[in-house]
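*Asks:* One structure is given below, represented as structure tokens, and several questions about it will come after.
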Amino acid sequence: MTTRGGRWGRGQTRRGDTGDESAGPVLRAVGLSRVYGQGVSTVVAVDGVDLDIPVGQTLAVTGPSGCGKSTLLQLLGGLDRPDEGEVWLGGQRIDLLGERALARLRRRAVGFVHQDFHLMDELTAAENVELPALLAGDSPRTARRRAAALLDRVGLADRGRHLPSQLSGGQRQRVAVARALVNEPLVVLADEPTGNLDTAATHDVLRLFADLRATGQTLVLVTHDERVAATADRVVSLRDGASAEDIPLAAGGSQLGALLGWEE
Amino acid sequence: MQDVVLALLTKEPSHGYDLRRRLVAALGPLGETLNAGQIYVTLTRLEKAGLVVQEREDAPLRGPRRKVYALTAAGQERVAAWMTEGVGPRADVPEFHLKLVAAAESGMAEPLALVEARRRELRRSLAEAQHAVLTHGTDSEAGLLLEGVALRLQADLRWLEACERTWSARAPHGKGGGNG
């Protein structure tokens with residue numbers, strides 16, 4: 001696949017051709033704060049978060065409900081603006097952009113996956129995937145071709161003509177992931193992507209995320225489910241809007257033997 | 001049991017009856033099953049191992065003078081090692097709970113630091129289990145077992161959140177009462 005004009009390349013090419021930010025994190029938060037309400041009813045949803053997310057990392061943000069993790073994700077994706085601090089995406093500061101420039105950047109550089117899928121009910125699976133590509137200026141033919149390739153990639157090549165209502169929850173979420181990828185975003189941001197799924201569908205989506213990671217896709221997922229967080233490269237825990245813990249989950253170093261009690 | 005008794009002695013020298021009372025206080029109904037005899041047997045073993053010594057109790061206000069046990073230097077070392085060592089993915093809830101209680105009582109470790117270390121340990125184990133779940137699927141026998149292991153680790157992590165809330169509310173200087 002070739003890198004198209006004005007778009008982001010994929011995998012290795014992305015690292016090489018992004019110029020000045022190539023060595024830095026793809027997504028970066030500096031002293032990020034977001035406060036809701038005024039006076040006595042003030043709620044500090046996000047409280048001074050610093051975060052560097054390198055290219056290709058899968059980061060899980062976890063914590064109890066109300067800890068600010070969804071707000072943080074919206075700030076990172078340019079859906080909300082911080083009261084203090086900075087957000088940098090692909091080497092560009094985005095929290096100061098005007099509405100239109102921000103919307104344009106979001107469309108191209110960020111793929112969103114939501115807990116309740118947010119598919120358009122009256123469009124087929126394929127049309128749902130095509131839509132962001134068309135909005136970004138792709139020709140219908142290109143959009144169709146890309147949607148077909150992505151549906152194939154998420155294991156739904158034969159479901160393109162189905163309406164969301166004809167798909168299971170897990171299938172709908174996989175369509176949503178395909179849609180998030182259609183503009184080759186710098187980052188995919190997922191908010192409780194398995195929150196409405198049963199175990200088998202959860203595993204399908206997590207396997208899909210693992211495939212994305214293998215292609216070098218940067219992924220940030222917010223979850224309260226420790227089993228979902230456990231599939232990431234790194235887990236950041238929020239408490240009261242602030243980062244309480246930031247740990248890498250290195251592969252290897254087997255403890256499974258200890259779980260069976262065969263060590264002693 | 002030996003480690004727990006040693007840990008309780010870090011606060012101050014105590015006699016067997018008092019140790020049992022404190023264990024029951026820390027363990028609630030789980031501690032009721034513990035009889036005084038078990039405590040005394042444990043104390044005797046610890047004494048033989050050179051980890052505790054008997055001291056003469058100062059003249060009590062009332063009642064008979066009882067045997068009071070105190071930690072030796074070796075006993076101190078052993079407690080410190082027990083409290084901070086990784087407990088492994090299979091460790092049970094009561095043992096870790098007692099570590100937190102002992103850490104707070106003795107001041108030898110910060111309960112919240114133990115919670116954090118334990119969470120890292122569990123997260124890594126869960127990561128490993130969950131990767132294996134995804135590889136094997138849950139419709140195989142192996143996958144079914146891995147699913148059980150992952151669920152169990154998840155439950156342990158949830159309980160640690162409760163530990164964190166309670167112990168941070170009690171921390172004398174830490175961030176008090178923080179809950180999400």
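The values are calculated or read from the model by the stated rules, or taken from the named source; none is laboratory data. Since the model is a prediction, treat every value here as computed from it, not as a measurement. Note: ideal-geometry Cβ built from the backbone for every residue, glycine included; neighbour counts use all protein chains shown.
*Asks:* Regarding segment A:102-115, can at least one residue be identified that is surrounded by fewer than 19 Cβ atoms within 10 Å (Cβ to Cβ), closer than 30 Å to residue B:165 by Cβ and of a type outside the set (A, V, I, L, M)?
*Replies:* yes
*Asks:* Run down B:102, B:80, B:142 and say which single residue is more than 10 Å from chain A (Cβ to nearest Cβ), farther than 28 Å from residue B:168 by Cβ and modelled with pLDDT of 85 or more.
*Replies:* Numbers: B:102 fails: farther than 28 Å from residue B:168 by Cβ; B:80 fails: farther than 28 Å from residue B:168 by Cβ.
Selected residue: B:142, the only one of B:102, B:80, B:142 that is more than 10 Å from chain A (Cβ to nearest Cβ), farther than 28 Å from residue B:168 by Cβ and modelled with pLDDT of 85 or more.
*Asks:* Also, quick follow-up: How many residues does segment A:37-94 contain that are surrounded by fewer than 16 Cβ atoms within 10 Å (Cβ to Cβ), of a type in the set (Gly, Ala, Ser) and either assigned to a strand (DSSP E or B) or touching a helix residue (DSSP H, G or I) at 6+ places or on another chain (Cβ under 9 Å) (or both)?
*Replies:* Residues in segment A:37-94 being surrounded by fewer than 16 Cβ atoms within 10 Å (Cβ to Cβ), of a type in the set (Gly, Ala, Ser) and either assigned to a strand (DSSP E or B) or touching a helix residue (DSSP H, G or I) at 6+ places or on another chain (Cβ under 9 Å) (or both): 1 in total.
*Asks:* Follow-up question, since we're still on this one. Filter segment B:99-120 down to the residues that are acidic (Asp, Glu), under 23 Å from residue B:1 (Cα atoms) and in a helix (DSSP H, G or I) and list them by number.
*Replies:* Within segment B:99-120, just B:105 meets the criteria.
*Asks:* Return the only residue of A:167, A:186 being out of contact with any Ser or Thr (no Cβ under 6 Å at 6 or more places or on another chain), surrounded by fewer than 20 Cβ atoms within 10 Å (Cβ to Cβ) and either within 14 Å of chain B (Cβ to nearest Cβ) or at negative phi (or both). Spell out the reasoning first.
*Replies:* Values: A:186 fails: surrounded by fewer than 20 Cβ atoms within 10 Å (Cβ to Cβ).
After ruling out the rest, the residue left standing is A:167.
*Asks:* For the condition buried (at least 21 other Cβ atoms within 10 Å of the Cβ) and within 29 Å of residue A:135 (Cα to Cα), what is the one hit in A:230, A:180, A:210, A:214?
*Replies:* Numbers: A:230 fails: within 29 Å of residue A:135 (Cα to Cα); A:210 fails: buried (at least 21 other Cβ atoms within 10 Å of the Cβ); A:214 fails: buried (at least 21 other Cβ atoms within 10 Å of the Cβ).
Going through A:230, A:180, A:210, A:214 in turn, just one is buried (at least 21 other Cβ atoms within 10 Å of the Cβ) and within 29 Å of residue A:135 (Cα to Cα): A:180.
*Asks:* Of all the residues that make up segment A:217-227, how many are at the interface with chain B (Cβ under 8 Å from one of its Cβ atoms) and buried (at least 23 other Cβ atoms within 10 Å of the Cβ)? Walk me through how you get there before you give the answer.
*Replies:* As a first pass, look at segment A:217-227 and keep what is at the interface with chain B (Cβ under 8 Å from one of its Cβ atoms): A:225-227.
The next check asks that each one be buried (at least 23 other Cβ atoms within 10 Å of the Cβ); those that pass are A:226-227.
Within segment A:217-227, residues that are at the interface with chain B (Cβ under 8 Å from one of its Cβ atoms) and buried (at least 23 other Cβ atoms within 10 Å of the Cβ) number 2.
*Asks:* Here are some conditions: (1) in a loop (DSSP other than H, G, I, E, B); (2) under 19 Å from the mean Cα position of the chain (by Cα). Residue A:174 meets all but one. Which one does it not meet?
*Replies:* (1)
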